[in-house]
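The values are calculated or read from the model by the stated rules, or taken from the named source; none is laboratory data. All of these numbers come straight from a predicted model, not from anything done at the bench. Quick reminder, even Gly has a Cβ in these numbers, built from the backbone with ideal geometry, and neighbours come from all protein chains shown. Quick note on the areas: whole protein, heavy atoms, side chains included, nothing else; ligands and nucleic acids left out. Shrake-Rupley method; radii C 1.70, N 1.55, O 1.52, S 1.80 Å.
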Amino acid sequence: MPNPTPTINEKLPFKVSGFDTLVEGLEYAARGETGLNFYSVRGEVIAQISYTELRVRAKELALRLVAAGFPRHGRVAILAETIPQFHVFFFACQYAGLLPVPLLLPINLGGKEAYIEQIRIMMAKAGACAAVTSDHLIELLKEAGKSQPGLLIGTYSDFDQMTKAEVELQPLGPDEPCYIQYSSGSTSSPKGVTATQKSTTSNITAILRHGLKCRQGDRTISWLPLYHDMGLVGFALGPLMMQVSVDYIATADFARRPLLWLKIISDNKATMAFSPSFGYELCCRRAKNGSLDGIDLSSWRVAGIGGDMIRADVLDTFISTFEPVGYRRSTFVPSYGLAEATLAMTFADVDEDFARDTIDMQVYANSGIAKPIKLNGNADKRRTFVICGKPMPGHGLEIRRSDGSLVADREVGDIFISGPSLMAGYFQDKEASQRVLTDDGWMDTGDMGYLIDGELVVTGRSKDLIIVNGRNIWPHDIEWAIERLPEIRSGGVAAFSVEKSDGTESVVTVVECRVKGDEARQQLLRRIKTTIHATAGVTSKIVLAPLRSLTMTSSGKLSRAKVKARFLAGAFEDRSNESAEGLSVLAE
Amino acid sequence: MPQEDHDLVFQKTCALLKVFNVNNIELTKDTDIATELEIDSVAILDLIMELEDSYDISFPMNLMSELRTVGDLVKSVQKLVSEK
């Protein structure tokens, strides 16, 4: 087992800015000794590539891609496994003037057909000219790409055997695109974020310098998938642009053994790691039965959190679980961002404890104002949010009312952002791009939030907002409350509104559960109904559905719009007629 | 490494699946793990972890999308054991 690459370059000065392209960043990092380490589920280094070697291999492969005659900016689909070849291919594209398109991996039990269809749509929308993966996934990839004309499909070794061009490489320049990321939009109609060299390098520089105040001696670790912006930009491109070593574990290995993440942080004295709430929650769950012997988290400087709604209760549990092994409360750094802004827009102060804001839900529902509420009052009336900090320098963030005017402090509205990190648009999708990008350089994120002294609090997705009798209700609220019931699992609830004929809205809640038997189900329905009423003060139609009937986006977020569309199409009702055991619907 | 006996692997797998078999249906090699047992994605990983630990094997994750039934699972365990 090789030793991991060093944390600090002996001679090469630490440099976090001044790179206008990814290739410039790699050319510099390649002069040091740092690089990428890939761990097995048993915690051993099974593969390794220094930035020096990454540069050599990427340039060599780039010459083969050039010889294949792909047009400049041709799209190259790469199934984003956490292996060195992914990085080599990604950077070969940068050197060859091609655009890498990282694609998701098959992870669901029995989900083969659905997966093939998903990547088929993505490759077709990207108009990919080449697609590559490892030997064990090649059959899936071939199946997905078989009807796409002009698509060259091969394994990494197939591409390594192609002839090299004898030319000088023309890497992607500062005014050219960088990569295309399909993690936005629903599964059936994915939208490809076109990141440019400028948006990518601007965002990374801002994150490293201002957001996370990176320094020599930082070491990063990641289990995040490389087809998602937090994994790709945060933990593949970002570390490279500051010549920092990364220790990787595969996402599926993390899901099985999350404490391995913490063990490697401990062993390698890592300082930076990110995760959505889910990852921290999983660690707490496993820590209940697992041993924390030999884990020391005192080196951990930045535990970034973002990617979904940040739940203060999850952070609190993580702190109380891991404080005994050296975890510091101030390590948590809440952030807000989206793939359309490359990765990040705001960070809470990296050196301070994270802050929360608890507001009066009744006042909010009636007036749209986030009024602070005392913590000793009625728990049903309040809601706690984690504050995500200020936008990074050079970036703008505004909260607007529906008429476009700016809100006052603590007034909830639509989050708009601007700055050099914004994407060029959705790939070959003018209509979708125009829906979110304004002519004067702002983007409507689709998210809602409010500001406190310039610091952002995200409250939810505006398109998901439920309005009943003039009151605003966040679907998250209903979902999370139901998820706290012991029979219900996290992520298994979708709440949305359905418009009635008179234009008013009514609430529908679809709940995945495995409870069987009429009596038990009726009992559960009653408890859910009570819970919703207690949480949101509304009555809701409740649908009990089998596990895995909810629809997720490709980045694993709940797609309420899709669940709603299926509900309206009768997908849930139909099956309830077939079997009393299948589904039951309780009208109000 | 000797071939792991099919029946033994099957019995062991069924024993591990027992906690997820809330309706007490009879487990056969054709039982669909995801739909008939209604086991969630985190629980599936728990199960895979148990099998890995019992047999000292490591499931390549690309295999997951092709596993549907108890029989599929048993066959992969046998294959992984014989490849050790």
Practice prompt. Scan the range A:97-141 for residues that are within 14 Å of chain B (Cβ to nearest Cβ) and either outside any loop (DSSP other than H, G, I, E, B) or more than 22 Å from the chain's Cα centre (by Cα) (or both) and report the count.
Written response: 19
Worksheet entry | the range A:440-462, subset of a type in the set (Gly, Ala, Ser) and within 21 Å of residue A:392 (Cβ to Cβ), residue surrounded by the most Cβ atoms within 10 Å (Cβ to Cβ) | A:449
Worksheet item: Given A:299, A:275, which one is over 21 Å from residue A:46 (Cβ atoms) and open to solvent by less than 10 Å² (accessible area, probe 1.4 Å)?
Response: A:275
Practice prompt. Tell me, please, whether a residue that is open to solvent by 20 Å² or more (accessible area, probe 1.4 Å), more than 29 Å from the chain's Cα centre (by Cα) and not hydrophobic (A, V, I, L, M, F, W, C) can be found in the range A:386-400.
Written response: no
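I'd like to check which helices (runs of 4 or more DSSP H) are fully inside chain B and have at least 1 residues that are at pLDDT 85 or above, within 14 Å of chain A (Cβ to nearest Cβ) and open to solvent by less than 30 Å² (accessible area, probe 1.4 Å).
B:6-17, B:41-55, B:70-82
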Worksheet item: Is it true that some residue in the range A:58-68 is within 25 Å of residue A:342 (Cα to Cα) and among the small types (Gly, Ala, Ser)?
Response: yes
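Matching residues to (1) under 14 Å from residue A:496 (Cβ atoms); (2) at pLDDT 80 or above; (3) open to solvent by less than 20 Å² (accessible area, probe 1.4 Å):
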| position | (1), (2), (3) |
| --- | --- |
| A:546 | no, yes, no |
| A:553 | no, no, no |
| A:561 | yes, no, no |
| A:565 | yes, yes, no |
| A:570 | no, yes, yes |
| A:573 | no, no, no |
| A:582 | no, no, no |
| A:585 | no, no, no |
Fill in: Candidate set: the range A:72-86, residues that are more than 10 Å from residue A:102 (Cα to Cα) and out of contact with any helix residue (DSSP H, G or I) (no Cβ under 6 Å at 6 or more places or on another chain); chosen: the one surrounded by the most Cβ atoms within 10 Å (Cβ to Cβ)
A:82
Practice prompt. Take the residues in the range A:244-267 that are open to solvent by 10 Å² or more (accessible area, probe 1.4 Å) and closer than 25 Å to residue A:79 by Cα, then tell me which one is farthest from the other protein chains (Cβ to nearest Cβ).
Written response: A:260
Worksheet item: Among the numbered criteria (1) within 14 Å of another protein chain (Cβ to nearest Cβ); (2) free of Cβ contacts under 8 Å to residues at least 24 places away in the same chain, which single criterion is violated by residue A:526?
Response: (1)
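Looking at A:406, A:437, which one is free of Cβ contacts under 8 Å to residues at least 24 places away in the same chain and open to solvent by less than 70 Å² (accessible area, probe 1.4 Å)?
When all the criteria are applied, what remains is A:437.
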Worksheet item: Looking only at residues in the range A:15-42 that are among the aromatic types (Phe, Trp, Tyr) and farther than 18 Å from residue A:268 by Cβ, which one is surrounded by the most Cβ atoms within 10 Å (Cβ to Cβ)?
Response: A:19
Response to the item:
Checked pairs for the range A:268-290, first over 18 Å from residue A:329 (Cβ atoms), second among the hydrophobic types (A, V, I, L, M, F, W, C) and part of a loop (DSSP other than H, G, I, E, B), C-beta under 6 Å and 6 or more apart or across chains, list as none
Practice prompt. Read through the list (1) part of a loop (DSSP other than H, G, I, E, B); (2) out of contact with any strand residue (DSSP E or B) (no Cβ under 8 Å at 6 or more places or on another chain); (3) loosely packed, with under 15 Cβ neighbours inside 10 Å, then give the number of the only condition that residue A:421 fails.
Written response: (3)
Worksheet item: Is it fair to say residue A:447 is touching a residue at least 12 places away in the same chain (Cβ under 8 Å) and either part of a strand (DSSP E or B) or within 18 Å of residue A:308 (Cα to Cα) (or both)?
Response: yes
Worksheet, complete the sentence: Just one listed residue, out of A:146, A:112, is over 30 Å from residue B:43 (Cβ atoms) and open to solvent by 60 Å² or more (accessible area, probe 1.4 Å), and it is A:146
